[in-house]
Every structure is written in structure tokens, then in C-alpha cells.
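Asker: Supplied in C-alpha cells, the structure appears directly below.
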Amino acid sequence: MHPHAALIERFYTSFQARDVEGMVACYHPDIHFSDPVFPDLRGESAGMMWRMLAARAKSLELTFRDVKADDERGSAHWEAIYPFSQTGRRVHNVIEASFRFRDGKIVEHEDSFDLWRWSSMALGAKGRFLGWLPPVQNAIRKTAAGGLRDFRSAQAR
């Protein structure tokens with residue numbers, strides 16, 4: 001197994017165990033994370049996002065497969081089933097992840113998933129009927145960014 005594939009497996013195995021510090025240890029200090037909800041997190045903000053999500057998770061089923069990597073790039077498929085903290089609604093998110101590496105660590109991590117599908121599960125009828133609209137998707141991003149900002153402030157106290 002390529003060392004970068006082992007690194008990706010360690011990241012997701014840590015995630016399954018809710019070992020956020022183990023996840024963050026897989027990241028390079030210059031990490032750039034993006035997904036449809038958090039489109040541009042850099043450095044410590046990426047780790048803080050995982051800490052926030054783990055702290056809010058009441059229950060989480062996580063699976064991953066199809067881990068591939070070479071010297072520069074990697075990928076994986078992962079799925080998460082959890083109740084969305086704001087509504088309690090069950091979400092089954094299907095994610096394709098891509099990675100780039102530097103110095104034996106993950107320096108870029110991009111998760112791709114259908115935000116409309118996610119909002120349909122997480123928000124119910126509002127997400128189903130309006131979740132494809134840019135203003136609704138931007139509101140989801142704004143709420144998430146505010147939650148991360150509040151979480152970071154609470155951790156600093």
C-alpha cells in the first residue's frame with residue numbers, strides 16, 4: 001500500500017473512532033479544505049471544523065472505501081449517516097474526496113457531494129423544494145461559517 005493511501009485510511013479510521021486529533025495529525029499545517037458547505041478553510045480552520053462537527057455529532061456511522069493514492073494525489077469514497085444537529089433529521093451523505101500531499105501529509109482535501117440532496121435530507125421540505133437555489137445554498141454556508149466562528153470563540157475561552 002502506498003504511504004499516502006495509508007495516510008488516507010488513517011484519516012478515516014480516526015474519523016470512525018471520533019479521534020479528531022488523529023484526523024488533524026494527517027493534515028499538513030498549510031492544509032486547504034473545501035466542500036460545498038465550507039468552500040475555503042485553511043490551516044487551523046480545517047481542524048476546527050472537524051472538531052466542531054465531532055462535538056455536535058450525537059451519533060455517526062461512517063464508512064469509506066476505494067482509497068487510492070500515489071506520490072501526489074489521492075482519492076476515496078466515504079459515506080456518513082447522522083442526525084443533522086439543527087433539525088434532528090437523518091442525513092445520509094455520499095462524498096467523493098480528493099487529496100494532494102506534501103511532506104507526507106494531506107495539504108489539500110476536497111469533499112464533493114450534492115448540496116441539494118444534503119439539504120433535502122437535513123432541512124426537509126424547505127431543502128427539497130428550495131435547496132437548489134443559490135440564495136438557500138449561500139444561507140447554508142453562512143450559517144455553517146457562523147457556527148464555526150462561534151465554536152472557535154467558545155474553544156478560545
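Asker: Among the residues of region 122-135, which ones are farther than 28 Å from Ile31 by Cα and surrounded by 18 or more Cβ atoms within 10 Å (Cβ to Cβ)?
Answerer: Of everything in region 122-135, those that are farther than 28 Å from Ile31 by Cα and surrounded by 18 or more Cβ atoms within 10 Å (Cβ to Cβ) turn out to be Leu123, Gly127, Gly131.
Asker: Assess whether Ala54 counts as being outside any loop (DSSP other than H, G, I, E, B), aliphatic (A, V, I, L, M), surrounded by fewer than 17 Cβ atoms within 10 Å (Cβ to Cβ) and in contact with a helix residue (DSSP H, G or I) (Cβ under 8 Å, 6 or more places away or on another chain).
Answerer: yes
Asker: Now a separate question. Residues in region 98-114: is at least one in a helix (DSSP H, G or I) and surrounded by 14 or more Cβ atoms within 10 Å (Cβ to Cβ)?
Answerer: no
Asker: Also, I was wondering about something else. Does any residue in region 40-58 that is within 23 Å of Pro83 (Cβ to Cβ) and free of Cβ contacts under 8 Å to residues at least 40 places away in the same chain come within less than 6 Å, Cβ to Cβ, of a residue that is of a type in the set (Ser, Thr, Tyr) and not in a helix (DSSP H, G or I) six or more places away or on a different chain, and which pairs are these?
Answerer: What qualifies is Arg56/Ser85; Ala57/Tyr82.
Asker: Go through region 38-51 and report how many residues are at positive phi and assigned to a helix (DSSP H, G or I).
Answerer: Matching residues across region 38-51 total 0.
Asker: How about region 6-37: which of its residues are surrounded by fewer than 17 Cβ atoms within 10 Å (Cβ to Cβ), in a helix (DSSP H, G or I) and in contact with a Lys or Arg (Cβ under 8 Å, 6 or more places away or on another chain)?
Answerer: Gly22 - this is the single residue of region 6-37 that is surrounded by fewer than 17 Cβ atoms within 10 Å (Cβ to Cβ), in a helix (DSSP H, G or I) and in contact with a Lys or Arg (Cβ under 8 Å, 6 or more places away or on another chain).
Asker: Does region 77-97 hold any residues that are within 16 Å of Val67 (Cα to Cα) and either over 17 Å from the mean Cα position of the chain (by Cα) or exposed (fewer than 15 other Cβ atoms within 10 Å of the Cβ) (or both), and which are they?
Answerer: Those that are within 16 Å of Val67 (Cα to Cα) and either over 17 Å from the mean Cα position of the chain (by Cα) or exposed (fewer than 15 other Cβ atoms within 10 Å of the Cβ) (or both): His77, Glu79, Val94, Glu96.
No value in this document is a laboratory result; all are computed from the given coordinates. For clarity, every value in this text was computed on a predicted model and none was experimentally measured. All Cβ positions, even for glycine, are placed from backbone atoms using ideal geometry, and neighbour counts span all protein chains on display.
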